[in-house]
């Protein structure tokens, strides 16, 4: 399995040019009369060449793969000569670490702004790519086919082994899901292919939620959709994200929710939760957030073990619906009782 660097590196293009200043007056007049333009262009040409060389540095090397989303079937010699479009700074709509720019916020920006392009997630393994069109999620993929689908799916068990291997090789080269290649070759049905693409894509993306540190970058580029014109998009990004969170495993390393901590709705969390398609268990869990009940008390009320309660809470925290506060910040019933007693005493003294 190939490893990725986890985050892009920065670019610093340094262009140096030196012109000889030991020229006599006659040469300067000749340059002014006839040869000043071409000689003035030479440093600019060198600068442009150096800038192009610097642009291909490691910072953007991971993003250059995005240009491979073009149709893999087109392999004319002319295509080999034409350089692929590399993402420039102007193409990057947003970027940052998930510790400061959460995954959920990135997904909501894509949906709200109706963005078209590629969300790249860099972590300790091969980058994970989410393709979006007009704010809708098309699919999630990666060039690491073992990370994407380590075993041959049961519905594909009877297919030609050579054909499946060829489709996997194509995914390693272009990032296009091998299942999509198989359906275009009419090896499997379209409905089955779309179901598998969604299943493997959501499972792949779910691994990012529990990753300790992920660098994300969205590149606006409509040309990346050339090889996904026949794939429908998912417009409900909120529920799509919740579905991926239900697949998250081993959250103990990243989600440290103390039993005594208090879950409370964020500023617009209560409004958000009402727009989600919650399971009955999730709806019951969400009804327990009142700003005073601890995680342990909620688990007790719903007869859940603490591990299950933490997993449920992780979904709401990741969606920025609730945030957990230390138990000391919660309002104490005893303090409320004291103020009430002062109120009653004041009324008696009147």
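Data table
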item: Flag if residue 186 is assigned by TED's automatic domain parsing to the domain that holds residue 226 and more than 21 Å from the chain's Cα centre (by Cα); result: yes
item: Filter pass, residue 102 being surrounded by 14 or more Cβ atoms within 10 Å (Cβ to Cβ) and more than 20 Å from residue 218 (Cβ to Cβ); result: no
item: Qualifying residue in the stretch 253-269 (condition: under 21 Å from residue 107 (Cα atoms), assigned to a loop (DSSP other than H, G, I, E, B), outside the structural domain of residue 321 (by TED's automatic domain parsing) and more than 16 Å from the chain's Cα centre (by Cα)); result: yes
item: Qualifying residue in the stretch 188-197 (condition: crowded, with 20+ Cβ neighbours inside 10 Å and in a strand (DSSP E or B)); result: no
item: Among the candidates 115, 147, residue that is closer than 26 Å to residue 273 by Cα and touching a helix residue (DSSP H, G or I) at 6+ places or on another chain (Cβ under 8 Å); result: 115
item: Unmet requirement for residue 247, which otherwise passes all of (1) part of a loop (DSSP other than H, G, I, E, B); (2) more than 21 Å from residue 106 (Cα to Cα); result: (2)
item: Flag if residue 177 is closer than 12 Å to residue 139 by Cα, surrounded by fewer than 15 Cβ atoms within 10 Å (Cβ to Cβ) and in contact (Cβ under 8 Å) with a residue 24 or more places away in the chain; result: no
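Listed here are the residues, each with its yes/no results for (1) at pLDDT 95 or above; (2) assigned by TED's automatic domain parsing to the domain that holds residue 212; (3) not in a helix (DSSP H, G or I).
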| residue | (1), (2), (3) |
| --- | --- |
| 93 | no, yes, yes |
| 107 | yes, yes, no |
| 124 | no, yes, yes |
| 130 | yes, yes, yes |
| 158 | no, yes, yes |
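The values are calculated or read from the model by the stated rules, or taken from the named source; none is laboratory data. Please read all numbers here as calculations on a predicted model, not as lab measurements. As a convention, Cβ positions derive from the backbone with ideal geometry for all residues, glycine included, and neighbour counts pool all protein chains shown.
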